[in-house]
Amino acid sequence: WSVVLPITEAGNVLVIRQFKQGAEMVMEELPGGTADFAKEPPEQVMRRELLEETGYEPGEVTFLGTEWMNSRNSHTICYYFLARDCKKITSPKLDRHEEIEIVERPLKDWIEQVLRRETGGWDACALAAKALPRLGITLKFSDQ
C-alpha cells in the first residue's frame, strides 16, 4: 500500500471524500492504493494513484518510511510519502466503481482534523506523525 500526504502549491492538503462500505459512511482519506510492488515500485504507485484520483502531480517527493498495516493478520506494508508543490495537470481518471470528491484543506485544518480523529484511516495519523517534522511543524500539548 502506498499513501501520500499531498500538499498543493498553495499549501493545502488534497483530501479524498469517498463512501467506505465497511464503515457505511462517507469518510475523508489521503490518496493511495495498492499494486504488485514487484512490478511497480511504491513511489510509482503513489504517483499514479495521486494523478488518477486527483489529477495532480507532485513537485518534491519525500519517502517517509514504512509501517505494517496490521501485523496481527496481514503481510501488507504501507509506504508513506510526502508530496509538496502538487500541481493540477489533468482531470481525475477514476475507476468505474470509484465515486470520490477531492477537497482542499489548509494544512493547519487537516492537522487539527487528524488530531480530532476525524479522518478516514489510521494511515493519516501515522503519515502526519512522520510528515510534520519534515514540514517544520511541532505540536505543543498542554498538561490538562
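The values are calculated or read from the model by the stated rules, or taken from the named source; none is laboratory data. Treat the numbers as computed from the prediction; the structure is a model and nothing was measured. With ideal geometry, Cβ positions are generated from the backbone for all residues, glycine too; neighbour counts draw on all protein chains shown. To get the accessible areas, we keep the full protein, side chains included, count just its heavy atoms, and leave off ligands, DNA and RNA. Shrake-Rupley method; radii C 1.70, N 1.55, O 1.52, S 1.80 Å.
Listed values, structure above:
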{"quantity": "Accessible solvent surface per residue of region 1-118, calculated while the other protein chains remain in place, 1.4 angstrom probe, Å²", "calculated": "59"}
{"quantity": "Members of Lys87/Lys140; Lys87/Lys130; Lys39/Lys108; Lys108/Lys130; Lys88/Lys108 lying beyond 25 Å, as alpha-carbon distances in this model show", "calculated": "Lys87/Lys140; Lys39/Lys108"}
{"quantity": "Theoretical FRET efficiency, 1/(1+(r/R0)^6), r = Cβ-Cβ of Lys87 and Gln21, R0 30 Å, to 0.05", "calculated": "0.40"}
{"quantity": "Estimated vicinal HN-Hα couplings, Hz - region 84-90 in sequence order (Karplus 6.51, -1.76, 1.60; Gly, Pro = x)", "calculated": "9, 6, 5, 10, 6, 10, 7"}
{"quantity": "Orientation-averaged projected area, Cα convex hull of region 68-125 (nm²)", "calculated": "6.1"}
{"quantity": "³J(HN,Hα), Karplus 6.51/-1.76/1.60, whole Hz, each residue of region 15-23, x for Gly, Pro", "calculated": "10, 9, 9, 7, 5, 10, 4, x, 8"}
{"quantity": "Cα-based Rg / Dmax (Å) for region 11-89", "calculated": "13.6, 40"}
{"quantity": "GluC sites (Glu not before Pro) within region 101-144, DSSP loop, no more than 15 other Cβ atoms inside 10 Å", "calculated": "Glu118"}
{"quantity": "Cα shape, the chain, gyration tensor, a/c 1.5 rule", "calculated": "rounded"}
{"quantity": "³J(HN,Hα) computed for each position of region 40-45 - Karplus, 6.51 cos²θ - 1.76 cosθ + 1.60, integer Hz, glycine/proline x", "calculated": "9, x, x, 5, 5, 4"}
{"quantity": "Rounded percent of accessible protein surface that carbon and sulfur make up, the chain, 1.4 Å probe", "calculated": "47"}
